[in-house]
Amino acid sequence: MSENLSPAEILDAIRIGLEQNRVDLYLQPVVSLPQRKVRFYEVFSRIRRDDGTVMLPQQYLDVAAEAGLIATIDNFLLFRCIQLVRRVRRDKLEVGFFCNLSRHALADQEFFPQLTEFLERNSDLAEALVFELSQNDAEDPVIAPRLAELRALGFSFSMDNVRALDLNFDSLAERQFRFVKLEAEKLLSDQSQATMAIHISDLKEAMKRAGIDLIAEKVEHEPEVVGLLEFNVDLGQGYLFGEPMPARDSA
């Protein structure tokens with residue numbers, strides 16, 4: 001992994017990576033519990049530098065956003081993801097994919113029409129491809145019409161980076177949100193249980209009634225799995241089940 005790079009070095013690596021097609025696809029499994037069968041993969045981007053080292057999103061996203069390059073990176077990621085989904089469907093593998101889509105890409109006046117045109121041509125993949133957004137982005141009124149356009153093409157959504165659980169799950173379901181991801185540690189900690197507006201068992205039931213699946217993410221320890229099973233959480237993601245790996249090695 002590339003470390004201790006200046007913003008100028010990061011920006012240079014981003015531009016060269018885009019020019020030379022070194023934006024790589026990494027996949028992390030989302031598994032069923034307790035069977036631990038892979039049900040989905042979340043798709044991440046990594047940028048390879050010319051010396052072979054890899055830059056993680058947390059290293060380059062802020063720099064890319066400031067330089068107006070997020071939509072370009074999302075475009076690379078989505079194009080590669082569509083290729084992967086087609087290959088997986090051709091091989092008749094029963095897995096779906098979560099692909100992150102940023103507010104920057106959705107709000108981009110030039111990129112978004114190209115995105116919808118591309119997705120319209122590939123709308124047959126809508127059942128296997130779920131777009132993932134943070135709670136902040138999902139609730140942003142500026143991009144709500146953009147999500148409606150993707151929804152009209154048959155695509156559905158997942159919410160992560162949840163900061164508040166006072167969610168209207170019926171409203172989310174109407175907007176085609178089919179998954180919500182919450183960190184396992186927060187779900188299971190006594191402190192979180194005391195401060196949450198709704199208990200995890202009631203939360204799971206409310207989501208189930210709305211047709212939304214709860215995914216416990218950042219699962220890293222076996223005891224967390226035991227706790228999640230006690231609350232009937234049936235999907236998990238985290239290093240315990242597999243770290244992000246290059247797509248060529250994962251699927």
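A quick yes/no check of all residues on (1) surrounded by 15 or more Cβ atoms within 10 Å (Cβ to Cβ); (2) farther than 26 Å from Val225 by Cβ; (3) in contact with a Lys or Arg (Cβ under 9 Å, 6 or more places away or on another chain); (4) among the aromatic types (Phe, Trp, Tyr):
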| position | (1), (2), (3), (4) |
| --- | --- |
| Ala13 | yes, yes, yes, no |
| Leu18 | yes, yes, no, no |
| Leu25 | yes, yes, yes, no |
| Pro34 | no, no, no, no |
| Arg39 | yes, no, no, no |
| Ser45 | yes, yes, yes, no |
| Arg48 | yes, yes, yes, no |
| Thr53 | no, yes, no, no |
| Pro57 | yes, yes, yes, no |
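Any residue at all in region 139-152 that's touching a helix residue (DSSP H, G or I) at 6+ places or on another chain (Cβ under 6 Å) and either within 23 Å of Arg46 (Cα to Cα) or among the hydroxyl-bearing types (Ser, Thr, Tyr) (or both)?
no
Take Leu129 and decide whether it is of a type outside the set (D, E, K, R), farther than 24 Å from Leu69 by Cα and in contact with a helix residue (DSSP H, G or I) (Cβ under 6 Å, 6 or more places away or on another chain).
For Leu129, the condition - of a type outside the set (D, E, K, R), farther than 24 Å from Leu69 by Cα and in contact with a helix residue (DSSP H, G or I) (Cβ under 6 Å, 6 or more places away or on another chain) - is not met.
Just give me the residues in region 109-123 being touching a residue at least 12 places away in the same chain (Cβ under 8 Å) and either among the hydroxyl-bearing types (Ser, Thr, Tyr) or under 13 Å from Leu147 (Cα atoms) (or both), in sequence order.
Answer for region 109-123, where residues must be touching a residue at least 12 places away in the same chain (Cβ under 8 Å) and either among the hydroxyl-bearing types (Ser, Thr, Tyr) or under 13 Å from Leu147 (Cα atoms) (or both): Phe112, Leu115, Thr116, Leu119, Ser123.
Check off (1) open to solvent by 10 Å² or more (accessible area, probe 1.4 Å); (2) in a strand (DSSP E or B) for Val30 and give me the number that stays unchecked.
In the conditions (1) open to solvent by 10 Å² or more (accessible area, probe 1.4 Å); (2) in a strand (DSSP E or B), Val30 misses (1) alone.
Inside region 64-98, can you point out the residues that are more than 18 Å from Gln20 (Cβ to Cβ), in contact (Cβ under 8 Å) with a residue 40 or more places away in the chain and among the β-branched types (Val, Ile, Thr)?
Ile82, Val85, Val88, Val95
State whether one or more residues within region 96-119 are at pLDDT below 95, part of a helix (DSSP H, G or I), surrounded by fewer than 15 Cβ atoms within 10 Å (Cβ to Cβ) and among the basic types (Lys, Arg).
no
Let's see how each residue does on (1) open to solvent by 60 Å² or more (accessible area, probe 1.4 Å); (2) within 22 Å of Glu127 (Cβ to Cβ); (3) at pLDDT 95 or above; (4) in contact with a Gly (Cβ under 6 Å, 6 or more places away or on another chain):
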| site | (1), (2), (3), (4) |
| --- | --- |
| Asp202 | yes, no, no, no |
| Lys208 | yes, yes, no, no |
| Glu220 | yes, no, yes, yes |
| Leu235 | no, yes, yes, no |
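Which residues, counting only those in region 1-27, are part of a strand (DSSP E or B) and hydrophobic (A, V, I, L, M, F, W, C)?
Val23, Leu25, Leu27 - these are the residues of region 1-27 that are part of a strand (DSSP E or B) and hydrophobic (A, V, I, L, M, F, W, C).
Before we move on, is Asp124 outside any helix (DSSP H, G or I) and either farther than 30 Å from Pro223 by Cα or open to solvent by less than 30 Å² (accessible area, probe 1.4 Å) (or both)? Reasoning before the result, please.
Working: outside any helix (DSSP H, G or I): no; either farther than 30 Å from Pro223 by Cα or open to solvent by less than 30 Å² (accessible area, probe 1.4 Å) (or both): yes.
No, not satisfied.
Name the pairs whose Cβ atoms lie under 8 Å apart, with the first residue in region 148-173 and over 15 Å from Leu101 (Cβ atoms), the second open to solvent by less than 40 Å² (accessible area, probe 1.4 Å) and among the basic types (Lys, Arg), and 6 or more positions between them or separate chains?
If the second residue must be open to solvent by less than 40 Å² (accessible area, probe 1.4 Å) and among the basic types (Lys, Arg), the pairs left are Val162/Lys181.
Being farther than 19 Å from Asp108 by Cβ and of a type in the set (Ser, Thr, Tyr) is the filter here, so list the residues in region 23-71 that pass it.
Of everything in region 23-71, those that are farther than 19 Å from Asp108 by Cβ and of a type in the set (Ser, Thr, Tyr) turn out to be Tyr26, Ser32, Tyr41, Thr53.
Collect the residues in region 207-235 that are in contact with an Asp or Glu (Cβ under 9 Å, 6 or more places away or on another chain) and not in a loop (DSSP other than H, G, I, E, B), keeping them in residue-number order.
Within region 207-235, Met207, Arg209, Ala210, Asp213, Leu214, Ile215, Ala216, Glu217, Glu224, Leu228, Leu235 qualify.
The values are calculated or read from the model by the stated rules, or taken from the named source; none is laboratory data. Quantities reported herein were computed from a predicted structural model and do not represent experimental measurements. Here the Cβ is made from the backbone with ideal geometry for all residues, glycine too, and neighbour counts use every protein chain on show. All accessible areas refer to the heavy atoms of the entire protein, side chains included, with ligands and DNA or RNA removed. Shrake-Rupley method; radii C 1.70, N 1.55, O 1.52, S 1.80 Å.
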